[in-house]
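Read through the structure below, which is laid out as structure tokens, and then see the notes.
A short reminder: the numbers here are calculations on the coordinates, not readings from a lab. All values reported here derive from a predicted model rather than from experimental measurement. Here the Cβ positions follow ideal geometry from the backbone for every residue, glycine too, while neighbour counts run over all protein chains shown.
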């Protein structure tokens, strides 16, 4: 009777364990690659093949940086894989900066990447394992949440929070450079009556059209913000000339007064604009918004569908009655 071959039994066990490890690695969603002590690829799982565009055969023996080509998410500069650092320092290392994996010529995948050293039985470093996690969904969710926090959900324009930041930045830059700029306060005339008569859905359509028209009236470097309801602010950077700001205000009045097509029916609506200049009319954000608001209110009293420039005679009425810029929507102050 033949005795069992212990060597064959051990080989069978190793084969089974290897197959089990292979199936496990190929079933996970993260890209996994292993390297030798020089940082050359010895293994890719299925996710790594898909993520990098390399088959295991094509990647084998290549430097890990050639297979996992990482670039900075913002600067697009090349980032080294953490494998070499992990092997040299004998510690787990990660890419701290937001990075992208370059797949082919035109595809960039947002990833989190880390590397861990591989040890032999004596504790010596013989290579490293790299793990790359696709964070596309997480990045998209983060971007959406950030946009919701800074942009008006209806019009897509910057909201009060973002506009307040840009206004503060504009004041800081203008103060350092000794320059000036213009601020326009824009209000749609009789919008509430239209909204009540036709319904909120029609009112929302009207606001969206008005927002698109406003963007066409300014430069890319300017900022148009919806402050709430039917009120908008336009920050005109490097617009220090009174004539230039009044030309823009007149363009806005004319553009917003053109007929609107709501649910197939034409609708007419006018707009009123107030103009304030930094630092001539006010040197502080809240006061500047109030100056433009005051000029707009005077234009409404003069007949609506027009613009007015803030006058020095009104400066005593500015005060600081609102605690923050976010409270300065017309009708509240």
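The table that follows gives values for the structure above.
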| quantity | calculated |
| --- | --- |
| Choice from 149, 174, 58 showing the highest fluctuation, given a GNM over the chain with Cα pairs closer than 10 Å | 58 |
| Globularity index of the chain, i.e. its alpha-carbon radius of gyration over 2.2 N^0.38 Å | 1.56 |
| Nearest-ten-degree value, helix 242-256 long axis tilted from longest Cα axis of the chain | 80 |
| Overall form of segment 241-317 per C-alpha gyration tensor (a/c, 1.5; a/b vs b/c) | prolate |
| Neighbour-count ranking [beta-carbon atoms within 10 angstrom, fewest first] of 105, 85, 231 | 105, 85, 231 |
| Ascending count of other beta-carbon atoms within 10 Å, so fewest first, for 142, 75 | 75, 142 |
| Residues 207, 261 arranged by fewest to most Cβ contacts within 10 Å | 261, 207 |
